[in-house]
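Trainee: Take a look at the following structure, please.
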Amino acid sequence: MGEHLKGRIECSLPGLRGIVADDKDQEHALVTREGPTKGDAEIDQLYAEAEDKRLSKTSLLLDVLNISNVLTDGVSAMVDDSFNKCFTSTRPEPWNWNLYLFPIWVVGVVIRYLVLFPIRFVLLFIGFNSLIGMFLLVDLIAMPGKRKMALQRKLVQWMCCAWVAAWHGVIRYHGPKPTPGKNRIWVSNHTSMIDYVVLCSYSPFAVIMQLHHGWIAFLQKRILSSLGCLWFNRTEVNDRAVVAARMKDHVNKEDAIPLLIFPEGTCVNNEYTVMFKRGAFDIGATVCPIAIKYNKIFVDAFWNSRREAFGKHLFRLMTSWALVCDVYFLEPQSIQPDETPQEFAGRVQAMIAKYANLRIVPWDGYLKYYNLGEKNPGLIEKRRRVLADVLRAYLGKPTAAEQLQGDGKGLKGVGEGEMQQGWRKLCAGGAVHPV
């Protein structure tokens, strides 16, 4: 009886923490790392099978215990939510809490906002716009060739240096400087779009990046395209296929500028690292890892794109005392004969996490843009209906399905004499639990 009760208690919906071995296969089918997306019919089928197991109980005690298990899962998810922690900014601890420290804090605010920021803004405005003007002039009058490309790359590098100077960047680079070469690709952890600026101020890179809007789109299409950068829209599957093909062509060129990829696919708060996409690891190229670690003593470099516009993010950097970070160029890695691309990506990720002092979590960064209610609204509604009907059954009231049958609107597809159980029995209008 004890083992039977334990098995009942541990049985819960797929995706929750308290699942048994049978449910793990269903959870993997619902949320895979790199597999195809399940259709609505397949999701409904998996959900029905899970509910069949959960609803095949015969006592109120087991239901109460199962509800406790679900509540435990919910509380555990709120207390230890390793996914949302990856995209949470660290709030600075207040230190101006007494009369002795408050005047010092006020002086610091005045210096940062009324002295440093105006000086930095004026110098950035003059220098950056002058470099853009020179770049457009070179693009207009210079003849296509290697000399023009070299000059444009140098101007882009100086633009990035102007931005780093505006943040009073204190950047320490460790390891050999990247050099162009065939069949090589560079990968790095991703905290903000300034990652590319920090790296490009040291050595020019072509980059694969999400296409943005506004003045950033102008810089991407008009300026950075001269470096061979590739842009995509993460919501368009066709864009990914085109970018993957162009990425292989770029890597196979002898004189191509070093190609940089952020395999996480989204900005993470520089304390965690989420799952690396395997696109850069299954093309047969040598992978050169780069670890970027920001020191948050003066400013948090993480850009939370869902809560903060990029302009506000830049303003926060320009009103800080300094941007301090370390960049590590690690030893190139190649895939082993008995190693899959996903295992290769995990090994490179572990190297980057070690040098940047990051915690590895198995989440897909694209889940930040995934809304279950929008993708599968019927799934959530079914869950609500199940719980409501179970409560009605205990209270001795007719369920929603029984009310529909009483009105002559019974659910279709249930033949007479069929023995329905669990979720399917509830959908057919039957009572799942005895009162």
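The values are calculated or read from the model by the stated rules, or taken from the named source; none is laboratory data. In this text, all values refer to a predicted model and were calculated from it rather than measured experimentally. Backbone-built Cβ (ideal geometry, glycine too); neighbour counts: all protein chains shown. Heads up: the accessible areas ignore ligands, DNA and RNA and are worked out on the full protein's heavy atoms, side chains in. Shrake-Rupley method; radii C 1.70, N 1.55, O 1.52, S 1.80 Å.
Trainee: Normalised by the number of residues in region 101-361, what is the relative contact order in percent for Cα pairs under 8 Å and 6+ residues apart? Walk me through the numbers before you get to the answer.
Mentor: Numbers: 410 pairs, mean separation 64.6, N = 261.
Result for region 101-361 is 25 percent.
Trainee: Looking at the square roots a ≥ b ≥ c of the eigenvalues of the Cα gyration tensor of region 101-361, which shape do they give, rounded for a/c under 1.5, prolate if a/b is larger than b/c, or oblate? Display every interim value, and only then the final one.
Mentor: Details: a/c = 1.90, a/b = 1.25, b/c = 1.52.
Oblate shape, in that a/c is at least 1.5 and b/c is the bigger or equal ratio.
Trainee: Moving on to the next point. Can you tell me the accessible area per residue over region 101-361, all protein chains present, probe 1.4 angstrom, in square angstrom? Could you put the intermediate results ahead of the total?
Mentor: Details: 12600 Å² over 261 residues.
Normalised by residue count, the accessible surface of region 101-361 is 48 Å².
Trainee: Arranged from highest to lowest average of other beta-carbon atoms within 10 Å per residue, in what order do the peptides 315-324, 248-257 appear? Spell out each step's value before the answer.
Mentor: Numbers: 315-324: 18.1, 248-257: 14.3.
Highest to lowest by the protection proxy: 315-324, 248-257.
Trainee: I would also like to ask the following. What fraction of the DSSP beta bridges in region 101-361 is antiparallel, stated in percent and rounded to the nearest 5? Show your work: numbers first, answer last.
Mentor: On the way: 7 of 28 bridges.
The antiparallel proportion sits near 25 percent.
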